[in-house]
Amino acid sequence: MKEKEKEITPLRQLLEKLGQRSSVVQATLARLHERGIKASMSLVYKTINGEVLRHDVAETFIEVAEQELNRRRQLEDRARQLLADA
């Protein structure tokens, strides 16, 4: 019997775009704890992979990912500006 292939969730695609070695999952977990939400690293990954439906975790992950992507864009813009000025 063939196992049904899991569809890659948009959250998982976002994590892959950010890079597996990024600190986004850890930052998500820290922010959840700051807000008084009990969560584990496993829960964050299960939510990202679509195994568990936790809107609070998903929303927090997206917030952290947006901030990280904005930070990266700003760094790239600053680097381009420095190259133009050099």
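The values are calculated or read from the model by the stated rules, or taken from the named source; none is laboratory data. Remember, predicted model here, so these are calculated numbers, not experimental data. Glycine gets a Cβ as well: all are built from the backbone with ideal geometry, and neighbour counts include every protein chain shown. Heavy atoms of the whole protein, side chains included, go into the accessibility calculation; ligands, DNA and RNA do not. Shrake-Rupley method; radii C 1.70, N 1.55, O 1.52, S 1.80 Å.
Quick notes on this structure:
- Computed from the C-beta positions of Ser42 and Glu63, the FRET efficiency with R₀ = 30 Å rounds to 0.90.
- Relative contact order of the stretch 7-86, pairs being alpha-carbon contacts under 8 Å that are 6 or more residues apart, as %: 33 percent
- Structure-based [θ]222 nm, the chain - -39500 (n - 2.57) summed over DSSP H runs of at least 4, per residue, nearest 500: -22500 deg cm²/dmol
- Within the chain, the longest run free of trypsin sites (Lys or Arg not before Pro) that sit in a DSSP loop with at most 13 other Cβ atoms within 10 Å is 39-86.
- Split the accessible area of the chain by element, probe 1.4 Å, and carbon with sulfur accounts for 51%.
- Reach of Lys38 by Cα under 13 Å, taken over aspartates and glutamates that are not fewer than 8 positions away in the same chain: Asp56
- Its Cα gyration tensor gives the chain an equivalent ellipsoid; the semi-axes, largest first and in whole Å, are 30, 18, 9.
- Dipole magnitude of the chain, debye to nearest 20 (Cβ charges: Lys/Arg +1, Asp/Glu -1, about Cα centre): 180 debye
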